[in-house]
Every structure is written in structure tokens, then in C-alpha cells.
1. Going through the DSSP H helices of the chain, which span 20 Å or more along their own axis at the Cα atoms while scoring at least 0.0 as a mean Kyte-Doolittle hydropathy?
2. Answer with one residue from Pro154, Leu138, Asn67: the one whose Cα lies farthest towards the positive end of the charge dipole of the range 37-162, charges on Cβ with Lys, Arg +1 and Asp, Glu -1.
3. Tell me, what are the semi-axes, in whole angstrom and largest first, of the equivalent ellipsoid of the chain as set by the roots of 5 times the Cα gyration tensor eigenvalues?
4. Tally Lys and Arg at +1 and Asp and Glu at -1 over the other residues with C-beta under 12 Å from the C-beta of Glu152: what net charge comes out?
Amino acid sequence: MTSDASPAPEREVLTWSAFGGAVRELATAIAQDGYRPDVLLGIARGGLPLAAGLAYALDVKEMATINVEFYTGVDSRLPEPVVLPPSVDLAELAGRRVLVVDDVADTGRTLAVVVDLVRAAGAEPRSAVVYRKPTTRLEPEHCWRATDRWIEFPWSSDGPVSAAARPA
């Protein structure tokens, strides 16, 4: 008997424990590179856990967020990344060293949009991600690992909690 269903593609699974190690390794690499950001700019939503971890590890007190929607599901995305409100006042970044942080540089389009906005505001951007894929068009200055698989991050792999599952 043969099956028409193809096996599910292998996935990269990141655990909370491995994520903690990734943050420390990225922070060490950034510090050894001699780069000292003034501000960390986390791309919501996936970049926020990494931005928070790096802010503590690099002892950077100033953080900001920018909300960009691109992915709508597994391998499903909008035609172009869209910056959503609320957003950081980019004018406040002028003349500053800004580390733009996201979870993954897949196509690199989200990261490129934000890096371009930061640069246009007169800041000096660099980027850091947990994962980089071979399909990215923007190579981040710092990444923890490279993969060509779909990634299951610990903060999003279980999906949203429904109202029925919440305690009363």
C-alpha cells in the first residue's frame, strides 16, 4: 500500500533553554565585535524576546519596538511587509547606534524595511537575529544559527490560547 501524503518537512525546534544560550552567545559575539548599541529596536512580535534578552545581556537600557506584519502563517505572507501602529518615533533615533533585532531573517524583507527606516532617520543600524535562512536578501551582522527549515519558536509554537481554555 502506498501513501499519497508526503511526510511533513523537518522543523527546527528552539527550546526556551536553547534560546537562553543563543541570547548569551549573540551578546558575546556583539560585544567581541566592539559594537555597543545605544538602542535596541525589537521587531514585534518575534523579535521582542531576543531584544529583551540582548538588552539585559549587553546592559543596554534603551529599547524600542516596531510592529511589522509580513507572515500570516506557515510559508504564507503578505506581498510586502507592512509597518503597523503604534511605532517608535524614528526621529528620536537620529545619530544613535541602533541594533535592529528579529527572530529570523527568512526572506530578509522585514529586516530590510526596518534597517532602511532606521538609516533614513539618520541612525547607524546593525542587525541581529536568532536564525538566518539562505533565502535572506539582507545578511544580518549577527545571527546565532543558519537553517533552511521552518522554525518552531518557544513563544509561538503552541498557538494562541482560546477563551475556552482560560481559567474562569
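Derivation of every value follows stated rules applied to the coordinates shown; laboratory data play no part. Worth saying up front: this structure is predicted, and the values here are computed from it rather than measured. Every residue, glycine among them, receives a Cβ derived from its backbone with ideal geometry; neighbour counts consider all protein chains shown.
1. Those that clear 20 Å and a mean of 0.0 are 16-32.
2. Leu138
3. 29, 18, 18
4. Once all neighbours under 12 Å are counted, the net charge is -2.
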